[in-house]
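Report on one structure; see the data block that follows.
Just so you know, all these numbers are worked out from the coordinates, no wet-lab data involved. The structure displayed is predicted, hence computed values, not measured ones. Methodologically, a virtual Cβ is constructed for each residue, glycine included, from the backbone with ideal geometry; neighbour enumeration extends over all protein chains shown.
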Amino acid sequence: MNKPLVMLAFLLLGCTLAGPATGGTPTRTTAPPSTREPVPTPGASPVRAAGATYYVSPGGDNDNLGTLAEPWATPGYGSRQLQPGDTLVILGGRYTLSVYDDDIVTPPTGTANAWITIRGEAGNRPVLAGRDDLAMAVDLSGASYVRLENIEITHDDQASGAGVYFRDGIVIMGAPTSHVVLQDLYVHHLDEFGLNVQDVDDLHVLNCRFEYCGFGALGGPSREHGGWQNVFVQGCRLAYGGHYYQGGDGSTRPYDRPDGFGIEESTGPIEIVDTVAEHNYGDGLDSKAANTTIRRCIVANNSCDGVKLWGTGSRVENTLIYGRGDGDPDPTPWAAIVIGTETTNARFDIVNVSVDDALGQNYIMYAQYDERDTPIDLTIRNTIFRGVGPNCPVYVGWATHLTVTHSLFYLPDAGHVLEHGSTQYTAATIGSLGPGNQYGDPRYVAPAWGHDGDYHLQAGSPAIDAGTPAGAPADDLEGRPRDAHPDMGAYEYTTWTPTAWLYLPFVARGGLTQHVPRCYNVGSCLIALSLTG
């Protein structure tokens, strides 16, 4: 069934759309998903009591009053003067951080109706540049009801030798922290983590970029208290983990597998939405937390596993996963999707996911490989597996209760398609695994390996109208509505494919929930509204 798309384009003059970073980002041929309104969560929208507003400026003085006319000089000093309900505005400019702990931003705890807010000047984002092996730029350990927004954190590229060393961007360690919002941050070129968290409850990471962090973008050590709980990540880019370390390109680094998102065991829940995880030397998204949901994400060209889930109640939905190995032809034991748990009867769902693998020589997905005797419930629905490398079937441990329906497999260089314990399914017999399962080329528009691809469906794809509406999401990765005959995979078929657009997360206003391309040049931008007929 043809699903025509009507395009309405407006040329807007003088438009500046503020993404999470400025300039220098290459145009993608696969568009990141749009950002919707965050799911309401207790503590997500700070209620601020009346408080004072203070200012920091590169030309200020810490003996000043902290007013706009007499600003303080350093963000670290300014952060320690705040009381619940106060706001610290860091005016545009460059701030060098080198002294522990004077230069570290360390806000006090706010209250439920009087949050602490630290934000960069609107339209003139400040840069916190760390050097001399400083431990971190921001320490939120033990603090609660804190909001941090519109700030760039990086190493001091004007330093030389060991002066360029700078460890973490934002740290929550030792003492547990709760009710934190991080928004519109650009954290990049650090030696360790962009966001290093041990124990947090109610954390929102919104519209942020974490790139070129030596130990990975978002992660941390094993919990001492609850670990990561009630965490919502939306509209973020988690990229090039490990591609930088102490002034180098990351080819020599102490941590071998830096992930885009990699956290240890907790009860969750974790929700990662409208986020891109790409070109990390480790995994794309690796969560040991129970109740992890990955929705409308792109996980592309990561060196190791694409998505890895360990905790019961976890789900991947409307997500594109491709490019394992990031263009490196050497065989590895990694896979596009990995599920493994020692929790008996744990539950996992893979729904409307598009998977592609070019490397082969390992399973494209494996579940309970090392835990074969532990029974779990695994459902795969409306999902596409395309693996063009040699010998890359899906593996599922024998004790797993497996349900696979309305899914498409295409592995032309593999002897069999899926093995469940001792049972092997081939191209000829995969239909017997469950209703609606097929074998055939999904006809992706432009599959890729090591660079951006286009995984919309071409006309004639066997995935079109072949899914089931039972348990399927109401729309696709890009917000295109699914009908009574949904397509398999992350994208609904359309006669128009936005392959040349670069999208930024856009929060819906007035009912508009479609995509807005990023504008780099002040003066004009084109807004495309996708209306499905």
Problem set entry | Measure of compaction for the range 46-273 (Cα Rg per 2.2 N^0.38 Å) | 0.96
Exercise. On full extension of the chain, what length is gained from ALA112 through THR67, given 0.36 nm per residue of separation minus the C-alpha to C-alpha distance?
Worked result: 13.7 nm
For this session: Just report the Cα centroid separation between the range 232-264 and the range 297-341, whole Å.
Result: 15
Exercise. With a 10 Å Cβ neighbour count serving as the proxy for reagent exposure, in which order, fewest first, do TRP72, TRP228 appear?
Worked result: TRP72, TRP228
For this session: Work out the charge dipole of the range 301-367 with +1 on the Cβ of Lys and Arg and -1 on the Cβ of Asp and Glu about the Cα centre, then indicate which of GLY327, ASN301, GLY340 is farthest towards its positive end.
Result: GLY340
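Can you check what the net charge comes to around SER160, using other residues whose Cβ is under 13 Å from the Cβ of SER160 (Lys, Arg +1; Asp, Glu -1)? List each step's numbers first, then the result.
Values: positive: ARG131; negative: ASP132, ASP156, ASP157.
For residues surrounding SER160, the net value is -2.
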Exercise. For CYS236, CYS213, what's the fewest-to-most ordering of other Cβ within 10 Å of each Cβ?
Worked result: CYS236, CYS213
For this session: State, as an integer percentage, the relative contact order of the range 46-273 based on alpha-carbon contacts under 8 Å between residues 6 or more apart.
Result: 13
Seminar exercise, completed: Neighbours of GLY76 by Cβ distance under 13 Å: Lys/Arg at +1, Asp/Glu at -1, summed charge -3
For this session: Run the numbers on the range 85-170 and let me know its relative contact order in percent, using alpha-carbon pairs under 8 Å that are six or more apart.
Result: 34
Problem set entry | Neighbourhood net charge (9 Å Cβ-Cβ; Lys/Arg +1, Asp/Glu -1) for ALA289 | -1
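Just for the range 46-273, what percent of DSSP beta bridges are antiparallel, to the closest 5? Walk me through the numbers on the way to the answer.
Values: 2 of 67 bridges.
In the range 46-273, approximately 5 percent of DSSP beta bridges are antiparallel ones.
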